[in-house]
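Okay, structure first, notes after.
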Amino acid sequence: MKRISISVIGILLMFALAISCRKDNINGDSKNLIGGSYITLGGTLNSNLDISKPASTVSIKIKGTVGEPVTSINVYAATGDPLDSTQWVLIKNVPYTDGVELKVNTAELTTAFGATPLTAGNVYTLQNEVVTKTGRKFSAANTPTNYTSFAGYNMALSWSATSVCEFIQADAIGTYKVVTDSWEDYGAGDHIEVTAGPNDSSISFLAYPSDGAGGTNRVPWIVSVNKTIDIATMKEQPIGDYPGNPGSVASATGLVFSCTGKISLKVNLTYGGSPVTNKVFVLQKLP
């Protein structure tokens with residue numbers, strides 16, 4: 001058996017012969033391998049896609065190629081299993097040049113997913129397929145994970161778009177129902193009123209300690225929201241008192257999507273002088 005040592009990235013890149021059958025493990029026998037090609041990542045320019053704006057884009061920069069010369073790149077949306085190319089939908093073909101930027105906008109991704117609407121908070125996988133000078137094609141679907149998962153190769157075959165929407169305070173205000181409360185101050189379906197915060201990038205509501213848990217001296221939570229990527233934070237602040245446990249404080253991190261009416265937080269608080277961390281608190285706005 002001939003064994004191949006790959007010590008210099010790009011000098012000898014070997015892919016599995018069978019295009020239709022993915023090989024995750026390579027036995028090293030050169031009879032089973034052929035030369036391939038891939039593109040390398042120069043940088044991620046933007047990974048957040050504002051789905052409320054059709055022209056909003058996610059983009060990456062391609063640094064160069066390794067292997068057989070590349071003439072173009074097919075960019076796909078993976079609408080199912082990210083490695084099942086039969087479930088990919090072609091978005092565009094981009095002629096290759098060194099340093100080319102690959103961009104996908106909201107309108108293009110919406111078209112690719114067809115009847116399935118894009119949803120804020122979802123992460124969508126994009127797949128690049130290189131087309132070589134001889135017409136061969138290479139992508140994550142026919143490249144062994146031994147290569148795609150190895151950071152040293154810096155492959156730019158798969159990337160992602162995290163869907164967000166512009167935070168609009170007026171759209172976030174209203175009555176919400178509790179979906180999840182792992183601290184169990186609330187039951188599923190309980191209602192909470194969300195109001196405007198002290199500025200246009202914040203919201204306010206009474207949460208822990210709840211009336212049902214015997215809360216007193218309750219103080220509204222002030223949750224600040226990054227308007228472009230929906231990341232929410234609540235700085236440590238007094239929130240009120242539990243019976244026999246005065247001076248409770250809390251902080252939180254999570255997401256607030258005004259376009260879908262969803263608030264999802266992980267909350268840290270103090271109870272009986274001890275820290276309680278990562279309590280899941282999810283709210284959904286009522287129609």
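Bear in mind that the values in this text are calculations on the coordinates, not laboratory data. Note that the structure is predicted; figures quoted are calculated from it, not measured. Backbone-built Cβ (ideal geometry, glycine too); neighbour counts: all protein chains shown.
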To the nearest whole percent, what portion of all C-alpha pairs in the range 169-285 is separated by more than 25 angstrom?
14 percent
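What are the trypsin sites (Lys or Arg not before Pro) within the range 209-248 that DSSP puts in a loop, where the Cβ has at most 16 other Cβ atoms within 10 Å? Mind dumping the intermediate values first?
Working: sites: 218, 227, 235; in loops: 218, 227.
For trypsin sites (Lys or Arg not before Pro) across the range 209-248 that sit outside H, G, I, E and B with at most 16 neighbouring Cβ atoms in 10 Å, the list reads 227.
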Base-10 log of normalised Debye intensity for the chain (one unit scatterer per alpha-carbon) at q = 0.15 Å⁻¹:
-1.02
Please go through the range 72-157 and write out the chymotrypsin sites (Phe, Trp or Tyr not before Pro) that DSSP classes as loop and that have at most 15 other C-beta atoms within 10 Å.
150
Can you pull the percent of Cα pairs in the range 14-164 with separation above 19 Å?
52 percent
If the only charges are +1 at each Lys and Arg Cβ and -1 at each Asp and Glu Cβ, what is the size of the charge dipole of the range 14-164 around the Cα centre, to the nearest 20 debye?
220 debye
Between the range 172-202 and the range 100-159, what's the alpha-carbon centroid distance in Å?
37 Å
